[in-house]
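Enquirer: I have a structure I would like to understand better, so I am pasting it below and will then ask my questions one at a time.
The values are calculated or read from the model by the stated rules, or taken from the named source; none is laboratory data. Bear in mind that the values here come from a model prediction, so they are computed numbers and not experimental data. All Cβ positions, glycine included, derive from the backbone under ideal geometry; neighbour counts span all protein chains shown. In case anyone asks, the SASA skips ligands and DNA or RNA and just uses the protein heavy atoms, side chains included. Shrake-Rupley method; radii C 1.70, N 1.55, O 1.52, S 1.80 Å.
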Amino acid sequence: MCILLNAARSSLLTFRSRSVDPVTAFAWEPQGSHFALISSNGPNLGGAAPGITIKTQLNFFYLDPKKNDFRLLKTIDGKTSNTLFWSPRGRHLVVATMGSSQRFDLEWYDVDLGYEQRQGQPSNDPAEEVKMIGTGEHYGITDLEWDPSGRYVATSASSWRHTVRFTTQQ
């Protein structure tokens, strides 16, 4: 369950997604008409041992102008991602698996793919507008940042941010 505060009307909006899984990441689109969240029902969530990959679910939501309420736009299962980064202009989202020594995926999504063809008109089926437009990998990624124009993404891997576990045998 998510609780959203509408500051303009000083009212609370409670919405339930179909999933009751714990939310591990949440991010608003800068324009405020979309948000995305990552959830998981993995048994190792919160206490995964090194080398264990937790399966997650990526959920996109949008503001339905007819009902003035947020609706589930699309759900993508079987991911391993744990962080979300919207472009400064909105519309594009990078979903990443960070801080893992096993997975280091980057996925780019466009949440309004047909905008130019529709010439700004609303889509008949908003779920069809969410498309993965690219993938990549960066081993050991610890940081990701969009440039202010929203045209470029920079990633880095820092040894200072990785945790290393040493074991000794008796």
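Enquirer: Looking at (1) at pLDDT 80 or above; (2) surrounded by 15 or more Cβ atoms within 10 Å (Cβ to Cβ); (3) in contact with a Lys or Arg (Cβ under 9 Å, 6 or more places away or on another chain); (4) not charged (D, E, K, R), can you tell me which one residue 36 breaks?
Expert: (3)
Enquirer: Separate question: Does segment 52-91 hold any residues that are assigned to a strand (DSSP E or B), closer than 18 Å to residue 29 by Cα and charged (D, E, K, R), and which are they?
Expert: Scanning segment 52-91 gives 64, 69, 71, 74.
Enquirer: Being open to solvent by 70 Å² or more (accessible area, probe 1.4 Å) and at pLDDT 90 or above: is that true of residue 89 here? Let's see the steps before the verdict.
Expert: On the way: open to solvent by 70 Å² or more (accessible area, probe 1.4 Å): yes; at pLDDT 90 or above: yes.
So residue 89 passes the test.
Enquirer: Looking only at segment 1-33, count every residue that is modelled with pLDDT of 75 or more, part of a strand (DSSP E or B) and either open to solvent by 30 Å² or more (accessible area, probe 1.4 Å) or closer than 15 Å to residue 70 by Cβ (or both) and tell me the total.
Expert: First pass over segment 1-33, keeping only residues modelled with pLDDT of 75 or more: 21-33.
Pick out the ones that are also part of a strand (DSSP E or B) and you get 23-28.
Still in the running and either open to solvent by 30 Å² or more (accessible area, probe 1.4 Å) or closer than 15 Å to residue 70 by Cβ (or both): 23-24, 26-28.
So the count comes out to 5.
Enquirer: Please state which of the following conditions residue 109 fails to meet, knowing it meets all the rest: (1) out of contact with any Ser or Thr (no Cβ under 7 Å at 6 or more places or on another chain); (2) over 18 Å from residue 28 (Cα atoms); (3) at pLDDT 70 or above.
Expert: With respect to (1) out of contact with any Ser or Thr (no Cβ under 7 Å at 6 or more places or on another chain); (2) over 18 Å from residue 28 (Cα atoms); (3) at pLDDT 70 or above, residue 109 is out only on (2).
Enquirer: Please determine, by comparing only the residues of segment 137-154 that are in a strand (DSSP E or B) and at pLDDT 90 or above, which one is farthest from the chain's Cα centre (by Cα). If you could, list the steps in order and put the result at the bottom.
Expert: Quick first cut of segment 137-154, residues in a strand (DSSP E or B) only: 137, 143-146, 153-154.
Filter again for at pLDDT 90 or above, leaving 144-146, 153-154.
Working: 144: 13, 145: 14, 146: 14, 153: 15, 154: 17 Å.
Taking the candidates together, the pick is 154.
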